[in-house]
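A short worksheet on the structure shown next.
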Amino acid sequence: MTTPATRSGTGQPAELFFEDLVPGLTVDLGVVTVDGDEMVAFARRFDPQWYHVDTDLAGESRHGGLIASGFYTVSLFMRAYVDHLLSRAAADASPGLEELRWLAPVRAGDRLAVRVDVMGARPSTARPGLGTVSLTGTMLRLGPDDRPEQEVLRTRFRGWFAARPTEAEPAGTAEPAGTAEPAGPAEPAEPSGPADPPEADLPEADRPDHGPTGADQPASDPAETDPAETRPAETSPDGPEQPEGGPAKAEPHD
């Protein structure tokens with residue numbers, strides 16, 4: 001039987017698993033360009049501080065203009081992480097962040113290179129079948145020549161990822177001991193002796209709980225019958241044996 005497909009973070013069949021996310025691996029998450037309208041709309045909805053939303057005040061300040069909310073910047077990181085890694089990986093959930101730092105202002109029109117580095121990986125002790133991966137995410141502002149100019153965001157966090165599934169061995173591939181080979185039509189049953197119970201021709205491994213217990217065993221099952229109870233009385237050339245100490249039967253004479 002084939003194990004059902006493990007889903008990626010976006011619901012598609014996964015192609016990357018815990019075993020693939022080895023320490024030292026770097027995953028390029030692409031380049032994102034900061035949209036000015038989206039940046040301000042986010043700030044108005046979630047972080048309406050003046051240097052995020054008021055063009056005039058921000059222009060007169062030491063910032064020299066509007067800067068992005070840090071939570072908008074980390075949202076851009078999250079989207080790149082989903083698009084370029086979680087959409088392919090057997091991601092489960094995240095137990096949280098250890099670090100989130102905004103290292104430099106982000107502005108409309110900035111081009112940010114995004115990447116994630118695998119720092120550590122170990123099987124989860126709380127969730128069997130999952131592994132805990134420690135990751136560092138970074139965003140770097142690119143210059144006109146596409147060279148990194150400045151790191152603007154760094155975050156350290158952990159994620160749970162499913163281990164690569166193993167295919168179960170198809171049923172019936174290993175023949176249980178004692179299984180009869182299908183060598184033609186079954187021979188007719190012996191005329192003498194009790195009939196076999198219905199399950200007597202099944203291998204032990206196919207019986208529920210490895211066969212009936214003593215309480216469930218049919219009384220006529222040969223396996224549970226004392227041979228002495230079914231064997232005819234032994235005879236001697238002179239006739240049947242007599243009970244010990246009983247009267248001797250008279251022998252007829254010619």
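Assorted remarks:
- Members of segment 142-159 found to be closer than 13 Å to residue 106 by Cα and surrounded by 20 or more Cβ atoms within 10 Å (Cβ to Cβ), listed by number: 152, 153
Yes/no matrix, rows are residues, columns are (1) open to solvent by 30 Å² or more (accessible area, probe 1.4 Å); (2) not in a helix (DSSP H, G or I):
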site	(1), (2)
5	yes, yes
9	yes, yes
23	yes, yes
30	no, yes
37	yes, no
40	no, no
48	yes, yes
52	no, no
56	yes, no
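- Residue 119 surrounded by 14 or more Cβ atoms within 10 Å (Cβ to Cβ), over 21 Å from residue 23 (Cβ atoms) and in contact with a Ser or Thr (Cβ under 8 Å, 6 or more places away or on another chain): no
- Residues that are of a type in the set (Gly, Ala, Ser) and crowded, with 18+ Cβ neighbours inside 10 Å within segment 93-116 comprise just one, 113.
- Looking only at residues of segment 64-73 that are of a type outside the set (Val, Ile, Thr) and either within 40 Å of the chain's Cα centre (by Cα) or closer than 20 Å to residue 139 by Cα (or both), we find that the one that is surrounded by the fewest Cβ atoms within 10 Å (Cβ to Cβ) is 71.
- Scanning segment 167-181 turns up no residue that is touching a strand residue (DSSP E or B) at 6+ places or on another chain (Cβ under 8 Å) and at pLDDT 50 or above.
- From the options 76, 66, residue that is out of contact with any Cys (no Cβ under 9 Å at 6 or more places or on another chain), in a loop (DSSP other than H, G, I, E, B), in contact (Cβ under 8 Å) with a residue 40 or more places away in the chain and not small (Gly, Ala, Ser): 66
The values are calculated or read from the model by the stated rules, or taken from the named source; none is laboratory data. Everything numeric here is computed off the predicted structure, so don't read it as measured data. All Cβ positions, glycine included, derive from the backbone under ideal geometry; neighbour counts span all protein chains shown. The protein model used for the area step is the full one, side chains on, heavy atoms only, and it has no ligands, DNA or RNA in it. Shrake-Rupley method; radii C 1.70, N 1.55, O 1.52, S 1.80 Å.
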